[in-house]
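Visitor: First, the structure itself, so that you have it in front of you.
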Amino acid sequence: MRNLVRIGALCAALLLGGLPLAAQDQPQDSQPKPTPAPTLEKPGMAATEPDAKSEKLAKPAAPKPVNPDTGKTVEEIIARVNNEIITRSEYEKARQAAGEDARSECQNRCTPEQLQADIEDHQKHTLRDLVDQSLLVQRAKDMGVSVEPELIKRLDAIRIENKLGSMEELEKAVSSQGMNWEDFKNNIRNTLLTQRVISSEVGSHITVSDEEITKYYEAHKSEFVRPEQVALREIVVSTEGKKPEELPDLKKKADTALKRVQDGEDFGEIAKRLSDGSTKSQGGFLGIYKRGELSKELEDKVFQMKRNQLTEVMETKQGYLILQVLEHYDEGEQSLPKVKNEIQDKLYSGRMEPAMREYLKTLREQSYVVIKPGFQDIAGGGGSEIQEVSATPEVTKSKKAHKKFLLFGKRSGSASAS
């Protein structure tokens with residue numbers, strides 16, 4: 001699943017650098033739980049090791065080669081995907097991001113040899129993932145998918161996570177790092193389009209029955225013997241950059257959010273609508289914590305709470321915070337109802353990998369993909385290498401266009417690569 005997960009974030013990684021992104025909305029009962037995004041600091045959270053993926057703005061990109069005769073930037077095209085191209089600079093940035101992913105996953109747990117092997121494993125699929133990303137974005141456009149509202153929310157989440165007061169400040173910060181603002185937004189847009197296609201075209205066709213969940217639980221009960229843990233969700237009303245006279249209204253907003261949940265509204269939906277935290281798109285999901293991973297103050301509070309219980313509105317340095325105990329796992333073997341969603345996600349993820357590869361294989365077969373000699377693209381469906389072509393065969397392209405018509409239902413225009 002690792003390489004497929006990278007596809008959704010790959011386009012953003014080319015320009016985002018260290019800027020964090022909030023996770024995609026995923027219904028708890030139908031898709032795997034997303035990894036929690038970086039969150040606002042909580043009161044008394046236990047200190048943790050810093051993540052290798054910094055929340056700060058990216059470092060300036062290395063300058064591109066310039067033609068001394070014309071003074072124009074030189075871009076080497078290494079692949080064509082229908083109308084679109086993939087350049088060497090995009091490829092190198094993606095390889096660098098894959099290497100950083102490997103280092104982050106190791107987190108001092110690997111020997112130098114293991115780390116190097118993991119980096120090579122991540123990087124060997126770089127070009128394949130770039131081609132897959134391009135195919136998925138083009139498919140989204142053919143489907144008429146629009147993600148503009150989600151784009152605005154994502155940009156605002158990035159602004160909050162980087163502690164910037166306005167969107168203009170975010171734009172200036174991006175520009176100061178040598179990145180074009182429109183390219184920056186377009187890369188996030190492409191990530192959202194990719195996620196939408198994966199959800200609609202692949203994820204929606206994967207089902208996991210209650211019988212399968214029960215069967216897995218009975219066969220793997222030893223996996224569910226655990227220490228005491230709590231799963232937490234949050235609603236955050238940010239006070240950063242606000243004037244003292246604005247605080248009463250913000251406190252009232254937090255009180256209103258708490259009251260609505262107490263009156264029976266779904267915590268996750270209220271978090272999506274009212275929370276300012278980076279977890280809002282996940283319904284406020286923070287993660288699962290054992291004893292010792294929170295400060296004594298918070299530990300004493302939440303470990304006394306039962307499933308779905310709420311804290312009062314708590315004041316922190318970043319804003320007003322409400323926590324909900326989504327689940328309280330007792331020490332020992334967990335019951336089926338408590339781990340049902342976890343098993344469902346595990347089975348779903350196991351089916352997502354082959355389904356995604358098969359879907360991407362179909363997209364490739366019905367598209368025009370050509371790789372420059374010397375670059376390797378390990379395609380899906382048996383891991384065969386795409387044939388390298390040094391020219392642009394118009395006859396081949398014409399044949400591929402007919403297949404594309406069959407998949408997409410209609411042609412969206414001529415696919416002439418220049």
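The values are calculated or read from the model by the stated rules, or taken from the named source; none is laboratory data. Quantities reported herein were computed from a predicted structural model and do not represent experimental measurements. With ideal geometry, Cβ positions are generated from the backbone for all residues, glycine too; neighbour counts draw on all protein chains shown. When the accessible area is computed, the model is the full protein with side chains, heavy atoms only, and any ligands, DNA or RNA have been set aside. Shrake-Rupley method; radii C 1.70, N 1.55, O 1.52, S 1.80 Å.
Visitor: At 1.002 mPa s and 20 °C, plugging the Kirkwood radius over alpha-carbon pairs of segment 200-319 into Stokes-Einstein gives what diffusion coefficient in µm²/s?
Guide: 125 µm²/s
Visitor: DSSP loop trypsin sites (Lys or Arg not before Pro) in segment 299-379 with at most 14 other Cβ atoms within 10 Å of their Cβ, which ones?
Guide: 306, 307, 317
Visitor: I've got another one for you. Can you list the trypsin sites (Lys or Arg not before Pro) in segment 87-160 that are in a DSSP coil and have 13 or fewer other beta carbons within 10 angstrom?
Guide: Passing both the DSSP loop test and the Cβ count: 109.
Visitor: Now a separate question. Is there a quick way to get the dipole size of segment 286-385? I mean about its Cα centre, with the Cβ of Lys and Arg at +1 and of Asp and Glu at -1; what is the value in debye to the nearest 20?
Guide: With Lys and Arg at +1 and Asp and Glu at -1, about 220 debye.
Visitor: Take the cross-link list 215/338; 259/346; 163/259 and give me the ones stretching past 24 Å between alpha-carbons.
Guide: Long pairs (Cα-Cα over 24 Å): 259/346; 163/259.
Visitor: Right, something else. Ignoring any ligand, DNA or RNA, what whole percent of the accessible area of segment 198-324 comes from carbon and sulfur when the probe is 1.4 angstrom?
Guide: Carbon-and-sulfur percentage of accessible area, whole number: 46.
Visitor: In addition: Take the alpha carbon atoms of segment 135-169, find their center, do the same for segment 205-273, and report the distance between the two centers in whole angstrom.
Guide: So the two Cα centres are separated by 23 Å.
Visitor: Please state the charge dipole magnitude for segment 123-272, taken about the Cα centre, from unit charges on C-beta atoms (+1 on K and R, -1 on D and E), reported in debye and rounded to the nearest 20. Write out the running numbers ahead of the final one.
Guide: On the way: 24 positive and 29 negative charges, 64 e Å.
It works out to roughly 300 debye.
Visitor: Rounded if a/c is under 1.5, else prolate if a/b beats b/c, else oblate: with a ≥ b ≥ c from the C-alpha gyration tensor eigenvalues square-rooted, which is segment 140-217?
Guide: Judged from the Cα gyration tensor, segment 140-217 comes out prolate (a/c at least 1.5, a/b above b/c).
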